[in-house]
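The values are calculated or read from the model by the stated rules, or taken from the named source; none is laboratory data. Just so it is clear, the model here is predicted, and its values are computed rather than measured. So basically every Cβ, Gly included, is an ideal-geometry build from the backbone, and we count neighbours across all protein chains shown.
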Amino acid sequence: MARLLPLFLWLALLGWAQFDPTRSWFTLRTEHFDVHYHPGLERVAAEVALYAEEAYALLSQDFEPPPGRLSLVVADVGDVLNGFADPTQNRVGIYTTQFRSADLFNPRLSSWWQTVVFHEVTHLFDLTQVRGPLREATRIFGQLPAQSAVKPFPLVEGAVLYLKYKKLGESRLNDATTRMMLRQMVLSGHFPSLDEVRQAYTRATWPPLGLLVYNYGAWLVRYLEERFGEDAYRRLTEANAGMLAFKDFNQPFQQAFGLSLDELYAEFVRWLPNQFEGEIARIRAQGLTPTERLTHLGFYSQGATASASGLVYAHASPLRQGLRILAGGEERELLSGPAQHPQWSPDGRYLIFVRSQREGPYFVGSDLYRYDRLEGRLERLTRGERVYYARYAPDGQSVFLAKNTPDGSTELARYFVDLKRLQPLRSFPHQDGVVHSFAVAPDGGSLVLALLRRGGFQDLYRYTLASGALEALTQDKNVDSDPVFSPDGRYVLYSSDADRVYNLYAYRLSDGAVFQVTNLLTGAYQPTFSHAGDHIVFTGYDTGGYNLYQVSYNPAAWRRVGLRREALPAFRPLEPARGEPYDPFPYLRPLYWLPLVGPSGLGLGASFSASDPVGLHAYTLSMGLDGLQGAFYDLAYRFTGLGFPLGLRLAGLGGQNAQGVGAFFPLAQGSLGLQYLRTDLFEPALNLNQNTVTHAVALDVFGQSSQAEDLFRSSSHLRLQGTAFLREGSPTWRFGLRGALGVSLRLPLEASHVFALRLAGGLTTSPLAYDAFDLGAPPLAVGGWPVLAVRGYGPGQLRGAQALAGSLEYRLPPWPIERGLGNWPVFLDDLGLTLFADGGVAGSPLELSQARFSLGAELRLGLTLFYLAPGSSLALGGAQGIGEPGPRFYLNLVLPGP
C-alpha cells in the first residue's frame, strides 16, 4: 500500500476560523484600522474604531507602530468574554458579550470596548517591535513578529495590564481581586518562583497560570518601571527587539539595566510585601470578622445555594468540575460538568443552573438547566436563549433570567416553567446597563439588579415589575455584585470592593442605610443564606483559592458606613458605522516568508502563509528544491464559507514523483479526511526494470469522546483509514485498512493514576513487500509512535500483509519538575513514568501462534518551547521482547497536534 501524506499535520498551521464567515461582513476604515463587523454591530463598530485610534495614539508615544494597516474584527461568537491578538497577521479580534465582566476584569473604565480594545492593540504594538540587524532582515523576509513575541509570559500579558493601568488609570493590576491575591501571598509569606510564572505549562496548584502571568505579572512590570524609570519597559522592549528569539533572556535585561532577570525578580519579591503592609494593618485595625470555612477544595468553589436537601455550590479545578452538595456532614458531587450560579427552587425539589457549550463551529451558547432531586433527572429548559444568570420567583412557577444579546447588551426576561414560555421584561440597549446579577424580592414584585453602567459604575438598582421603573440604590465607583434579600426582606446583602477590598455589605431598604457586614483580609463574594436563615454563606479566598465560608446573621453587629453618591457621566450612542462590503482578498498577501531546508536535509526552500481577518480564506505554501529528491511543494488551504471549515491540500515531491491532494472535514467530535496520492516508485519486489505508477485513494475517520464523574475520567478515540489503490499495468484494485482504538481511565484518586489500552490492526490485499505492515519500533522517532508498533522489536522483525497490535500502559503520577534551563526559552514541565506491555503479530496470512510480546518502561519529559508553546515531550524508553537476546532502547520526540 502506498505511503500516504500526513494530511492532518498542517491543520494546526491553518487552525479554525475564529468568526462565522457565512455572515455578511462590512469594513469601516479609519486612519490606521480596518474595522470588520457583521450586521447588528454598526454602533459597536463605530465605538470600537474610536477606542482603537485612541489606543494607537497613546501607544505611539512609547512604541513604533506596527507596519501597515491593522485589522480589528468585532463579532458575536456567543457567550464568551474575551478578545485576542494575532501579530503574525496584524489582526485583533473582539467578542461582543460582556456579561459579568467584573468577575474577571476591572470594570471601572468607560466601557468594555475601551478595556478590551486597548489590551489587544497593545499586543500588536508590543509584539511587532524590531530593532538593530533584525530590522534589516525585515527588508528581506518581511514583517517578523515572532522574534519579538518570544519572551517570558509576564512580559507578554502582564506588560499589557501594566501599560493599560499606566495609560488609562485602571486595569486588573489595581483591581480588588488582584490586590486580594497579592495580600494573601504577603500574609502567607509564599511567592511563586520565577520558573512558576515564566511560561505556559501544566500547572495544577493555586494560583492558576492565568492569574500569575496576567495579574501578578503586571506588578512585576510595575516594579521594573518604579526601579528604572517610566520608560523602563520601552527600553527593555527595544533591547529585546534587536536580539534573536532563541536566547538567554538575561541578555536584554543586562543590556537595558545592567542586571539579570533573576536579579530583578529577587528584588521584586523583596519589594512586594511593602506595598501591602499598610493595607493589611488598616484592615486588622478595624477588627476581623470571625468566619467558619465550609469547603476545602479551593480553586473556584462558589455560588452557594441552600435548601433542606443541602448546600450546593459550583466547583472547577484541574481535577474536577461540577455541582457539589454538602449534606449530613458529608460532601459529594451532585452533577458533573460545567455549571454556574445554581439555585434551589423554593420547595427544595429542583435545582436550576446555567451551562455553556459549543453550538456549532462558530458559536458558544449558554442556557438554563434544571435538575430534579427526586427523580435524579436533568432537563434543559431553554435552547438558544443565551441565559447566563437565573433566579426563581417566590412561587417557584417561573424563573427570572438575564440574557445576552448579539451586540453585547443584556435583557431581563421571565421563563414560565410549565408553559415553557419566555416573557421579555426589559432591555438595556447600547451596553448602558449590563446586568451582572440580581435578586428577587420575597413578594415577587421587584428585582434588585447589580447593573454596570457607562463610565465604570456597577451599582444596585431596584426594578419594579409592575411599572418598569428603575431606581438607583447605590451610585459610586465601588463594584457592587451578587445581591440577595435577607429572609425577612429588610436588607439586600451584596459584595462590594470599597477601598479596593471585597467585603459583604447590607442595604436597608426602609431608609437606604448601608452597613459593612464583614471585614476580611482577603475577600467576600456571592452571599446567600443558610437554610435556617441564621448564617450568611459566602465565597471567600485563601491560599488554595476560593472556598465557601459562613458568618452568623447578626444585623446588630454590622457597622454603618457612608457612601458618597457620584454622578454618572453623560452617554450618547454614536451614529452607526456605514462600512463598505467586506473584501477578503487584499488581506491574503503574506506579510513575511521564512527559509526552510529540503525534505532530505539538503536543499533550500521558502514558506509563507496568510489568512483574511474574518477567516474566510487561509493558506500556507512551502516550496523549494531538494538536493536528493528534486522539487517539492506543499499548499494547504482552508475555506469556511460553507458553514464549516473545509481544508484542502496539494503536495508533491519530485524525487519520488509523488503528488497528492486531500480534503479535511471537521465533525462534531472528530474529523473526516479524503486523499488521493499518485506515486511513481521503483519496487524491486516486482522484478521489473521500470518504475511503477500507483494511484491511491484514502478515507480517514477520527472520533473521540470523554466522560467525567468527580475525580474519575475516561476518554476514548478511534481512527480508521481505508485505502484503495491501483498500479498501472495491473487491472486489479488493491485495498488496505488500518485502525486504532484507544481508551484511557483515570482512577478516582487525587494523584493521577491512568490505565491506557490501545488496540490496532491492519490488512492489505497487496502482495508487495512495500505495502506490508512493519510492527518493529524504530530507535528514533519524531512526532509520536506509529499506530502499529511493538516496542522491543526492530524494523523487519514483525512484518506482513495482516497485523494486530496492542498495548496496556500504567502511567504513574508525574513528578512536577517545573524548571527552566536558565532563562532560555526551554522549560521542563512534568516527568512521567509509564510501565507497559506490548503485543503484536504480523504475517501473510496472520498466524496468532507467531504473536510476540514485550515489557518495558518509558520516561516522558514534558517540554514548553519558546515560553508559550507547551505540549511537546521527550520520551526515553526501553523494552524487552520476550525471547529476544536483549532490550531495545528508543528515543521519541512527541510534538503537539492531532
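Take Y505 and tell me if it is surrounded by 21 or more Cβ atoms within 10 Å (Cβ to Cβ), part of a strand (DSSP E or B), in contact (Cβ under 8 Å) with a residue 60 or more places away in the chain and not β-branched (V, I, T). Please lay out each step first, then the result.
Working: surrounded by 21 or more Cβ atoms within 10 Å (Cβ to Cβ): yes; part of a strand (DSSP E or B): yes; in contact (Cβ under 8 Å) with a residue 60 or more places away in the chain: no; not β-branched (V, I, T): yes.
Spelling it out, it is not the case that Y505 is surrounded by 21 or more Cβ atoms within 10 Å (Cβ to Cβ), part of a strand (DSSP E or B), in contact (Cβ under 8 Å) with a residue 60 or more places away in the chain and not β-branched (V, I, T).
Can you find, within segment 370-415, the residue that is surrounded by the fewest Cβ atoms within 10 Å (Cβ to Cβ) among those that are hydroxyl-bearing (S, T, Y) and assigned to a strand (DSSP E or B)?
If we filter segment 370-415 for residues that are hydroxyl-bearing (S, T, Y), which is where we start, we get 371, 382, 388-389, 392, 398, 405, 409-410, 415.
Filter again for assigned to a strand (DSSP E or B), leaving 371, 388-389, 392, 398, 410, 415.
Working: Y371: 21, Y388: 25, Y389: 24, Y392: 21, S398: 19, T410: 27, Y415: 21.
Filtering segment 370-415 for residues that are hydroxyl-bearing (S, T, Y) and assigned to a strand (DSSP E or B), the one surrounded by the fewest Cβ atoms within 10 Å (Cβ to Cβ) comes out as S398.
Considering only segment 592-604, I want to know if a residue exists there that is buried (at least 16 other Cβ atoms within 10 Å of the Cβ) and closer than 28 Å to L28 by Cβ.
For segment 592-604, residues buried (at least 16 other Cβ atoms within 10 Å of the Cβ) and closer than 28 Å to L28 by Cβ: present.
Within segment 277-299, can you find the residues that are within 22 Å of W558 (Cα to Cα), of a type in the set (D, E) and in the same structural domain as S188 (by TED's automatic domain parsing)?
Within segment 277-299, E279 is the sole residue that qualifies.
Is it true that some residue in segment 479-501 is touching a residue at least 40 places away in the same chain (Cβ under 8 Å), of a type outside the set (D, E, K, R) and within 18 Å of P569 (Cα to Cα)?
Yes; the residues of segment 479-501 include at least one that is touching a residue at least 40 places away in the same chain (Cβ under 8 Å), of a type outside the set (D, E, K, R) and within 18 Å of P569 (Cα to Cα).
I need a count of the residues in segment 450-481 that are of a type in the set (D, E, K, R) and within 33 Å of the chain's Cα centre (by Cα). Walk me through it before giving the result.
Keep residues of segment 450-481 that are of a type in the set (D, E, K, R), which gives 453-454, 459, 462, 471, 476-477, 480.
So of that shortlist, the ones also within 33 Å of the chain's Cα centre (by Cα) come out as 453-454, 459, 477, 480.
The total comes to 5.
Hey, which of the strands (runs of 3 or more DSSP E) in segment 28-140, taking only ones fully inside, have at least 3 residues that are more than 30 Å from V479 (Cβ to Cβ)?
Counting at least 3 such residues, we get 33-37.
Out of all the residues in segment 643-664, which are at pLDDT 85 or above, assigned to a strand (DSSP E or B) and out of contact with any helix residue (DSSP H, G or I) (no Cβ under 7 Å at 6 or more places or on another chain)?
L646, L648, R649, L650, A651, G652, L653, Q659, G660, V661, G662, A663
Check segment 357-368 and report whether any residue there is modelled with pLDDT under 95 and of a type in the set (S, T, N, Q).
Yes, segment 357-368 contains a residue that is modelled with pLDDT under 95 and of a type in the set (S, T, N, Q).
State which residue is nearest to L294 (Cα to Cα) when the search covers only segment 524-545 and only residues that are polar (S, T, N, Q) and in a loop (DSSP other than H, G, I, E, B).
Across segment 524-545, the extreme among qualifying residues is S530.
Those residues that are within 30 Å of F299 (Cα to Cα) and out of contact with any helix residue (DSSP H, G or I) (no Cβ under 6 Å at 6 or more places or on another chain), I need them from segment 543-595; list them, please. Talk me through it step by step, then tell me what you get.
Within segment 543-595, the subset within 30 Å of F299 (Cα to Cα) is 543-554, 558.
G544, G545, Y546, N547, L548, Y549, Q550, V551, S552, Y553, N554, W558 - these are the residues of segment 543-595 that are within 30 Å of F299 (Cα to Cα) and out of contact with any helix residue (DSSP H, G or I) (no Cβ under 6 Å at 6 or more places or on another chain).
Please go through segment 470-516 and give me each residue that is hydroxyl-bearing (S, T, Y) and under 24 Å from G455 (Cα atoms), ordered by number. Step through it out loud before you land on a result.
As a first pass, look at segment 470-516 and keep what is hydroxyl-bearing (S, T, Y): 474, 481, 486, 491, 494-496, 502, 505, 507, 510.
Within segment 470-516, T474, S481, Y494, S495, S496, Y502, Y505, Y507 meet the criteria.
State yes or no: is Y793 within 21 Å of G886 (Cβ to Cβ), aromatic (F, W, Y) and either without any contact (Cβ under 8 Å) to a residue 12 or more places away in the chain or touching a strand residue (DSSP E or B) at 6+ places or on another chain (Cβ under 6 Å) (or both)?
So Y793 fits the description; yes.
Is it fair to say T115 is buried (at least 23 other Cβ atoms within 10 Å of the Cβ), more than 21 Å from N215 (Cβ to Cβ), outside the structural domain of L209 (by TED's automatic domain parsing) and at pLDDT 95 or above?
Details: buried (at least 23 other Cβ atoms within 10 Å of the Cβ): yes; more than 21 Å from N215 (Cβ to Cβ): no; outside the structural domain of L209 (by TED's automatic domain parsing): yes; at pLDDT 95 or above: yes.
For T115, the condition - buried (at least 23 other Cβ atoms within 10 Å of the Cβ), more than 21 Å from N215 (Cβ to Cβ), outside the structural domain of L209 (by TED's automatic domain parsing) and at pLDDT 95 or above - is not met.
If you go through segment 252-259 one residue at a time, do you hit one that is over 22 Å from N174 (Cα atoms), aliphatic (A, V, I, L, M) and in the same structural domain as P207 (by TED's automatic domain parsing)? Step through it out loud before you land on a result.
Of all residues in segment 252-259, those over 22 Å from N174 (Cα atoms) come to 252-259.
Next cut, aliphatic (A, V, I, L, M) only: 256, 259.
Narrowing further to those that are in the same structural domain as P207 (by TED's automatic domain parsing): 256, 259.
Within segment 252-259, one or more residues are over 22 Å from N174 (Cα atoms), aliphatic (A, V, I, L, M) and in the same structural domain as P207 (by TED's automatic domain parsing).
Restricting attention to segment 50-75, report how many residues are closer than 22 Å to P573 by Cα and in contact with a Lys or Arg (Cβ under 9 Å, 6 or more places away or on another chain).
Residues flagged as closer than 22 Å to P573 by Cα and in contact with a Lys or Arg (Cβ under 9 Å, 6 or more places away or on another chain) within segment 50-75 amount to 4.
Being in contact with a Ser or Thr (Cβ under 9 Å, 6 or more places away or on another chain) and among the small types (G, A, S) is the filter; apply it to segment 870-891 and report the residue that is farthest from L798 (Cα to Cα).
Going through the qualifying residues, I end up with G871.
Only one of L548, L574 is over 30 Å from H617 (Cβ atoms), of a type outside the set (D, E, K, R) and part of a loop (DSSP other than H, G, I, E, B). Can you tell me which? I'd like the intermediate steps shown before the answer.
On the way: L548 fails: part of a loop (DSSP other than H, G, I, E, B).
Every option except L574 fails the conditions.
Scan segment 315-333 and tell me whether some residue there is assigned to a loop (DSSP other than H, G, I, E, B), at positive phi and out of contact with any Lys or Arg (no Cβ under 7 Å at 6 or more places or on another chain). Give the steps one after another, and end with the answer.
Filtering segment 315-333 down to residues assigned to a loop (DSSP other than H, G, I, E, B) leaves 317-320, 328-329.
Right, trim to at positive phi and you get 328-329.
Then drop every residue that is not out of contact with any Lys or Arg (no Cβ under 7 Å at 6 or more places or on another chain), which leaves 328-329.
Checked against the condition, which is being assigned to a loop (DSSP other than H, G, I, E, B), at positive phi and out of contact with any Lys or Arg (no Cβ under 7 Å at 6 or more places or on another chain), segment 315-333 yields at least one hit.
Pairs only if they're at least six apart or on different chains, beta carbon under 6 angstrom, first in segment 43-64 and of a type outside the set (S, T, Y), second part of a loop (DSSP other than H, G, I, E, B) and crowded, with 20+ Cβ neighbours inside 10 Å; list them, first residue then second.
That search, which allows pairs on different chains as well, returns A45/A577; A46/A577.
For segment 480-493, state whether one or more residues are at positive phi, outside any loop (DSSP other than H, G, I, E, B) and modelled with pLDDT under 95.
Of the residues in segment 480-493, the ones at positive phi are 482, 489.
Among the residues that remain, those that are also outside any loop (DSSP other than H, G, I, E, B) are: 482.
Retained after the next criterion (residues that are modelled with pLDDT under 95): none.
Within segment 480-493 (the criterion being at positive phi, outside any loop (DSSP other than H, G, I, E, B) and modelled with pLDDT under 95), the answer is no, since none of the residues qualifies.
Can R234 be described as outside the structural domain of T543 (by TED's automatic domain parsing), free of Cβ contacts under 8 Å to residues at least 40 places away in the same chain and assigned to a helix (DSSP H, G or I)? I'd like the intermediate steps shown before the answer.
Working: outside the structural domain of T543 (by TED's automatic domain parsing): yes; free of Cβ contacts under 8 Å to residues at least 40 places away in the same chain: no; assigned to a helix (DSSP H, G or I): yes.
Against the criterion (outside the structural domain of T543 (by TED's automatic domain parsing), free of Cβ contacts under 8 Å to residues at least 40 places away in the same chain and assigned to a helix (DSSP H, G or I)), R234 does not qualify.
In segment 6-33, which residue that is buried (at least 22 other Cβ atoms within 10 Å of the Cβ) and in contact with a Leu (Cβ under 7 Å, 6 or more places away or on another chain) is modelled with the lowest pLDDT?
Checking each candidate, the answer is P21.
Given (1) part of a strand (DSSP E or B); (2) over 26 Å from L895 (Cα atoms), where does P767 come up short, assuming only one miss?
Result: P767 passes all but (1).
Could you tell me whether any residue of segment 537-550 is under 28 Å from P394 (Cβ atoms), at pLDDT 95 or above, crowded, with 18+ Cβ neighbours inside 10 Å and in contact with a His (Cβ under 7 Å, 6 or more places away or on another chain)?
yes
Search segment 777-820 for residues being among the small types (G, A, S) and in a loop (DSSP other than H, G, I, E, B), and hand back the single one that is surrounded by the fewest Cβ atoms within 10 Å (Cβ to Cβ). Steps first, please.
Step one: list which residues in segment 777-820 are among the small types (G, A, S), which gives 777, 781, 783-784, 789, 792, 794, 796, 800-801, 803, 805-807, 820.
From what's left, in a loop (DSSP other than H, G, I, E, B): 777, 783-784, 789, 792, 794, 796, 801.
Working: A777: 26, G783: 13, G784: 14, A789: 24, G792: 29, G794: 15, G796: 9, A801: 22.
That would be G796.
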